[in-house]
Every structure is written in C-alpha cells, then in structure tokens.
Amino acid sequence: SWVQVEVPAIESASASGLTGQIRTVGWHCWSEGKEAVFAAGAGVAALPPLPDETFAPLPPKFLEDAIGSGKATFMDAWAAKVGAETAFDEAFASIQTHFICPALRQTEPWPANLWWSWSDLKAEDLAAAGASECWIASPWSTGVDAGVRCCYDAEGVYLEQWPSRVLAWYRFDWTRWQYKMDLSVETLACVGGDAALCAKFLSVRPPVGSTNNVFGGDSKWTMPRPVGGGWGDPHCQSIDGASFECNFRGEAVWAGCGNFTVHAVAEQVGTAQATIITKFAVRSGDETVEAKLDNTVTTEADPNTGLPPNRFLLKLNGEAPSEGESADEVAGAHLTISSFNNDMTIQDDQGNTVKASFLKQLVVLQVGLGDDCFNASFGLSGNNNANKSDDLVVKGTGQVLDEDSSSADIYNLFVKSWLVTTFAESLFVLAEFIPGDTSFAPIFIEDIDTSNCPSACNGDKACCFDADQGGDEFVEEFQMAVKNIEESNSKAVKFDDNLPPAFDTAPSVKRITVGSSVTLDYIAIDAVNVTRLTCDVCPDVDSDFADTYGVACEATGLNTQSAMLRVTASSLPVGNIRCVAEDDVGANATALTKVMQETTTLTVTTATMTVTATATATTLTATMTATSTATTATTTRQLTLAQAAGEKFDCLTGSLWHDSWEVDKKEWCCQHHGIACPPSTSSEQFDCSPSPTNMQFNWGDAQKAWCCQVHRIGCAHTTPAP
C-alpha cells in the first residue's frame, strides 16, 4: 500500500531521524505512526499534520516503493489534485504569456534570466528524449511561483515536448508542491518511456510554446547587460568598462542601485602591499547574503563527482542556511543563490545579478544590474550609463576623475571615498566586519620591476604585478579571473550597442496538410534599416529546393525600419525553415519555423480529463478539465498524439532515438506511422533521424544534401551570402 510505509525500509527517512511510520498523502508525509486513510485526490488541506506529527517532504528515494504497483492510480490522483491547484494556474498563465522559450538556442542575445544551464535529470535520460541541453528560469527570475525549462536538440531547435516543461516552484510557501517534489514524480512518469504516465504528468506540467521574438511583445525576458568585476591585486573594471587599480584593504561599496547593494572585502596578501577579494555581501531590501572564501578546503576534487569541493561559506541574514554553509542552492524572500563547480550566481527579483568564482586564493566578483539601474548606480562599479569616461565619481563631492588619472589619484580620491569605515554602514555581521583601512598605502603597477615577469603573463603588467606580489601561483588565478569577466561581457548588450533586427512576426510552428499550398509571413524590424530578409527555402538561397516545392519569396520594405517577407509554396515537407534578417551594419538575427504535419481531430475521454484537439505529427494542444473532490480548474496543456489516443506504442516522443526500441515497437510504428522502418520498407532515400548510431557528423555529402533538401535536417546553418 502506498498509504503507509515502514520507516526502517526508508534509508533517507531514517537518516532524518523519523521514527515509527510515515503517513503519506500523495506528496507529503507525516511521521509518528498515526493511521489514516488517504482517498485518491484528497487535498493536502484536508489532511494537515496531526498534533503530535512532524511535517517532512516526501523523500524521492521511496516514492516508487510507496506507490507499489499502482503507478497509474498514483498518477491519476496526483494529476487530479495538482491540476486543481488554482494558485498555480495564475503563475502558469504568466509563464505562458511572458516567458515563452526561444525557438533557437543560437538566439543572440540570450535572455539573462534564462541562465541556469542545468537539470536534475540524467544526461542519458535527456539524450533519450532528444534533448542536447536544457536551460531553466527559476521563480526568482520570473517573479511568480513558477519557472520554465527550455530544452533543445542537437541542432539548437526548441523541443515542444518533454523534457521541456513549466516548473511549479512556490517561493515562500514550503508546505505546497515544490520543484524537487515535482522532479520525483517527473522521473517516475517520464523516464523509461511510459507514454501514458508521462502524458499524465504533462497534463499539469506541460511545455510552453516557443517564439522568435524573444524580447518583444509581452516578453519579460531581460537583456544580458555588462558586468563590472575585480579580484583585488589592483584589478577592477567598472560596468561601463573603465579599468583602474583598486588595491583597497577592508570593506568597500562595490555596487549599488536603489535597495540593492553589494560590498566587497579585500585582505592583504601576506606582507605584500597588495590585496585580494576574500568575501562579499549582497543586500536586497531587508535580506542579506554573505559569502566568503573557505581557505581551509585543500582537497582538489571530490572522488564521487570529480569536481572540487565547495570553497565557500554562506550566511543568510547572519545565520547559516538550513541547507548548510556550503549549500549549492539557497533561497530567500528576495535573493536566490545557486552554485556549481565553485561558480556562484546570486539574483534578486529586480533583475540584478552577482556572479562570484571562488578560486583557490581569491574571489572573482562580478556585478550586473537590471535595466532600471541604467545611469542610477553607485560605488566602485561606476554609474552604469554606457559611458566609462564618467565612472570614477568621488563619493561625497561628485568630482569625476578621468580614467587616465594616475593610479595614486584614483586610489586616494575615488577608491578610498567608497570604503566602509563604520559598522553602521557595513552589510556584514559584526564578527565578519573588517573596516575599510584609509591608512593602507598600496603599491602600484608602475612601482614594480617587471623584468622578471613569468612568460605565462605574456607581458601583461597587471599579471606581472600579481606574480611579483603573490608569487607564480597567482598567475593562474589572474588568467582565470580575466577569462571569467571576459566571458561574462562577451555576450552582454550595452545600452548603446547596435542590436540586430528583431522578428516582430515569425511563426515558430506551422502545421500543414502535406501536398497543400502554404503561406508564411515574416516581419523584421530594426532601429535603423532592415537591408536583407530571406529564408533558406527561398530561390535566392536554395534554388533547387524552391523549384522542387514551388517556393516564391517576396520581400517588401527593405532599407526601412520594417520589412516583410511573404513565403509561398505549392507544398512543403516536414522540417525546419530558418530565416535571416540583417541590418545595414551587418548585424543579423535568425528565426526558425518548425513545419509539422497536421493529421486528424481526436476526442479522448478518460476518468480524469476530456481532450478535444487537433493532433499533429509531434504534439497537439488540448483543453483539459481536471476535476477533484475540491475544485475544478481548466487550463491549456499539451500531449503527444500517441499518448492522447491511447495507441499501443508512442511512436512520436523520442522518435529521433529509436535505435533502442524493441523490435515489436519498431514494426508497429513502421506499419502505422512510417517511423523506425528498416531501409528496405522505407521510401526514404536516407535515414535523417539523428540517433546515437546515426550522428550527423558521420553522414556523407550525399546524405547531408538529401536530408537538408527534403527535411531541412543536417543543413550547414551559415548566414546565406547576399
């Protein structure tokens, strides 16, 4: 029975100190041996903890044991209950409106708040579903109690199927269903290829749509903005790009805007007259995170993960988080912290970001501010107005120093003015407070002899300075620090940058009836002029394809701020179309249209939902009504065709990876859908489905050309020459 489970059989529960028995209520459990009957579909609100019981999250390890052989029954109850949570529906609607996944992974610029290139799912499970990589936006990025996972195939095309999905993630109500709990059910339902169970899961956690207009319309994706960075020893750079020596000792104001502030602490390297950043603090509203380098860590790598152990210690509002001082994930009311391989990202709910890399000897600190902070920031990172010439503003006087001022003047007038000298001004708890030292006299680059500079520095005087003051071990730290900041800024968009054209209109999905004529419209806009607008199916790019399918392309409005392209075809094959818009300085943007076959209309009724929709060769959009004993909620969801129709096999989801299918499934899918057929029974000249044994880099020229022409797969995606 999945209503009651013996604790001794549950290692994770025993480790948590729970005794007696666990009483589960579908997604939460309570201890101390109280017996209760749980009816499928009953809500958490109807089963609060009894007076002498303790709340604990359902340990994922025993989820499958808890439900025994009744997976389908469990999923029915889970979907009915969770699907009726109207509080989540509002957040879900916001995700569908404001955080639609980019149609192409190669989209530039990439949203700054879709930054979490990570998934708790195993790489092999993602690969089995056709996903090459997944990106996550957490609720601290979206501002609602939901997030989104956007997954892409090997060609960078968005997968509007699992493992892409909306994420339930309540920020402040930990008694409600959480992402980690969702993940347990997701793994149970979708890993392993059980289409019916995965369809049930996706009925309440579906993928969102895709868009070619990532930052337009109702989008709340944010542009990646430049960061200001530094790591002590005299290396500082403002957000606008002004470089200067900032060899301070103690606490200083690194950056600030409104109620968001970052302070850094630099400490002296031995007896040298140089300093390095060792800790920092971030405050948003009434919440403060402190992070410092843990120099007691000497282990190079964790034997289980191969990664170095965490070299940092955290405090949230002066106390160690419940997850521990070296936890990878910590969430507060305004700030969320996530770390991987000693790279930490801290975000607030206003679009401000702090990135910190904990190297062996020092911390590389970077700060990027939200758009609301344009020309409104303060501190050592400058005023964030895309003009580095006025960044060195002396606190209190308003004097602006020229970037070419002497290092001594910049330090004595500008840097020292931002030192924090009293505890009342500090962001740290008293035990961690190190006042800014106004008497510290650092050495500057021009004061050292660089004749013995290590060859690894390649003549970089700042690197030579590190080696002179800290020894050769600081050369590697210097190079890593420079690389980190350069990588952050390489994809950043400055406020005065020329942005590429944007696709104001560009369908990300087009459903067709094979053999019928097709019309597609694309509208590209630019601040100056759109000089070119075409697609890879157009005669000027691929005349052979255009002749075969009767494609004509007519562009109007070129050399103006808004151009339109109409693509007409007597027919089109299923596949991907890529279109390019270019401005008069060569900046370009790419839009992708996924052409999908429209088949039939289905009406499927089950015990928990009614689905009426138009099915396609890959997905269908459905309106489902999930009814529980408590409430009724109607929302838009997605299912695969095979899952909704209750077919013997799911031939659609993961069809690009059918090498691992059983023989009977291949035969059935070939007979009914023309999928996974052996070469002798397929009308296809080549197998264009990328799989572990059929990777595109092994294809010959003839196969590449045929698959590109017929299915738009395996094409060399370079910008077509004018």
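The values are calculated or read from the model by the stated rules, or taken from the named source; none is laboratory data. Just so we're clear, the structure is a prediction, and the values are computed from it rather than from any experiment. Cβ placement follows ideal geometry from the backbone for every residue including glycine, while neighbour counts extend to all protein chains displayed. In case anyone asks, the SASA skips ligands and DNA or RNA and just uses the protein heavy atoms, side chains included. Shrake-Rupley method; radii C 1.70, N 1.55, O 1.52, S 1.80 Å.
For residues that are open to solvent by 20 Å² or more (accessible area, probe 1.4 Å) and within 18 Å of the chain's Cα centre (by Cα), scanning just the range 160-177, find the one that is modelled with the lowest pLDDT. Among them, the one singled out is ARG171.
Residues in the range 319-333 that are at pLDDT below 85 and not in a loop (DSSP other than H, G, I, E, B) were compared, and the one that is least open to solvent (accessible area, probe 1.4 Å) is VAL330. The lone criterion from (1) within 25 Å of PHE215 (Cα to Cα); (2) assigned to a strand (DSSP E or B); (3) open to solvent by 40 Å² or more (accessible area, probe 1.4 Å); (4) at pLDDT 95 or above left unmet by CYS553 is number (1).
Of the listed requirements (1) without any contact (Cβ under 8 Å) to a residue 40 or more places away in the chain; (2) among the hydroxyl-bearing types (Ser, Thr, Tyr); (3) surrounded by 11 or more Cβ atoms within 10 Å (Cβ to Cβ), SER451 misses just one: (3).
Residues that are over 24 Å from the mean Cα position of the chain (by Cα) and either polar (S, T, N, Q) or crowded, with 17+ Cβ neighbours inside 10 Å (or both) were ranked within the range 295-305; the one that is modelled with the lowest pLDDT is ASN304. Kindly establish whether THR345 is at negative phi, modelled with pLDDT under 85 and β-branched (Val, Ile, Thr). Answer is no for this residue.
ASN489 passes every criterion in (1) under 34 Å from the mean Cα position of the chain (by Cα); (2) closer than 15 Å to CYS236 by Cα; (3) modelled with pLDDT of 85 or more apart from (3). Looking at the range 193-303, the strands (runs of 3 or more DSSP E) lying wholly inside it that each contain 3 or more residues that are in contact with a helix residue (DSSP H, G or I) (Cβ under 7 Å, 6 or more places away or on another chain) sit at 250-257. Every condition in (1) open to solvent by less than 40 Å² (accessible area, probe 1.4 Å); (2) modelled with pLDDT of 90 or more holds for PHE374 except the one numbered (1). Within 28 Å of GLY156 (Cβ to Cβ), surrounded by 19 or more Cβ atoms within 10 Å (Cβ to Cβ), at pLDDT 50 or above and not small (Gly, Ala, Ser): is that true of ASP544 in this structure? So ASP544 fails the test. Kindly evaluate GLU476 against the criterion of being open to solvent by 80 Å² or more (accessible area, probe 1.4 Å), under 20 Å from GLN361 (Cα atoms) and either assigned to a helix (DSSP H, G or I) or in contact with a Pro (Cβ under 9 Å, 6 or more places away or on another chain) (or both). Against the criterion (open to solvent by 80 Å² or more (accessible area, probe 1.4 Å), under 20 Å from GLN361 (Cα atoms) and either assigned to a helix (DSSP H, G or I) or in contact with a Pro (Cβ under 9 Å, 6 or more places away or on another chain) (or both)), GLU476 qualifies.
A count restricted to the range 566-582 and to residues that are within 23 Å of GLU155 (Cβ to Cβ), over 32 Å from the mean Cα position of the chain (by Cα) and assigned to a strand (DSSP E or B) stands at 2.
Among the criteria (1) in a helix (DSSP H, G or I); (2) open to solvent by 40 Å² or more (accessible area, probe 1.4 Å); (3) touching a strand residue (DSSP E or B) at 6+ places or on another chain (Cβ under 6 Å); (4) not aromatic (Phe, Trp, Tyr), the one ARG511 does not fulfil is (1). Which residues, taken from the range 216-227, are touching an Asp or Glu at 6+ places or on another chain (Cβ under 8 Å) and closer than 25 Å to ALA462 by Cα? PRO226 - this is the single residue of the range 216-227 that is touching an Asp or Glu at 6+ places or on another chain (Cβ under 8 Å) and closer than 25 Å to ALA462 by Cα. Cβ-Cβ distances below 6 Å connect the following pairs, each with a first residue in the range 467-481 that is closer than 19 Å to GLY229 by Cβ, a second residue that is open to solvent by 40 Å² or more (accessible area, probe 1.4 Å), and a separation of six or more residues or different chains: VAL475/ALA456; GLU477/GLN361.
The residue that is most open to solvent (accessible area, probe 1.4 Å), counting only those in the range 118-143 that are at pLDDT 85 or above and in contact with a helix residue (DSSP H, G or I) (Cβ under 6 Å, 6 or more places away or on another chain), is ALA128. Scanning the range 167-189 finds no residues that are within 29 Å of ASN588 (Cα to Cα), part of a loop (DSSP other than H, G, I, E, B) and either of a type in the set (Phe, Trp, Tyr) or out of contact with any Phe, Trp or Tyr (no Cβ under 7 Å at 6 or more places or on another chain) (or both). Out of all the residues in the range 356-414, which are assigned to a helix (DSSP H, G or I), hydrophobic (A, V, I, L, M, F, W, C) and either without any contact (Cβ under 8 Å) to a residue 60 or more places away in the chain or closer than 25 Å to LYS461 by Cβ (or both)? Result: ALA408, ILE410, LEU413, PHE414. So, ASP447, is that one over 20 Å from ASN341 (Cβ atoms), of a type outside the set (Gly, Ala, Ser) and at pLDDT below 80 or not? For ASP447, the condition - over 20 Å from ASN341 (Cβ atoms), of a type outside the set (Gly, Ala, Ser) and at pLDDT below 80 - is not met.
When PHE340, PHE280 are checked against the criterion of being touching a residue at least 40 places away in the same chain (Cβ under 8 Å), surrounded by 24 or more Cβ atoms within 10 Å (Cβ to Cβ) and among the aromatic types (Phe, Trp, Tyr), PHE280 stands alone in meeting it. Of the residues in the range 343-361, at least one is under 23 Å from ASN484 (Cα atoms), open to solvent by 70 Å² or more (accessible area, probe 1.4 Å) and over 22 Å from the mean Cα position of the chain (by Cα).
Filter the range 516-534 down to the residues that are in a strand (DSSP E or B), over 14 Å from ASN213 (Cβ atoms) and either open to solvent by 40 Å² or more (accessible area, probe 1.4 Å) or aromatic (Phe, Trp, Tyr) (or both) and list them by number. Answer for the range 516-534, where residues must be in a strand (DSSP E or B), over 14 Å from ASN213 (Cβ atoms) and either open to solvent by 40 Å² or more (accessible area, probe 1.4 Å) or aromatic (Phe, Trp, Tyr) (or both): THR519, ALA527, VAL528, ASN529, THR531.
Condition check for ASP391 on (1) open to solvent by 30 Å² or more (accessible area, probe 1.4 Å); (2) of a type in the set (D, E, K, R); (3) closer than 18 Å to CYS246 by Cα: one failure, at (1). Taking the conditions (1) in contact (Cβ under 8 Å) with a residue 12 or more places away in the chain; (2) under 17 Å from ASP240 (Cβ atoms) in turn, THR422 satisfies each one other than (2).
How about the range 240-252: which of its residues are open to solvent by less than 10 Å² (accessible area, probe 1.4 Å) and either of a type in the set (A, V, I, L, M) or under 15 Å from PHE414 (Cβ atoms) (or both)? Residues satisfying the conditions are ALA242, CYS246, ASN247, PHE248, ALA252. Using the structure shown, decide if GLY459 is in a loop (DSSP other than H, G, I, E, B), open to solvent by 40 Å² or more (accessible area, probe 1.4 Å) and within 20 Å of GLY241 (Cα to Cα). Answer is no for this residue. Residues in the range 94-112 that are more than 16 Å from ALA168 (Cα to Cα) and open to solvent by less than 10 Å² (accessible area, probe 1.4 Å): CYS101, PRO102, ALA103, LEU104, PRO111.
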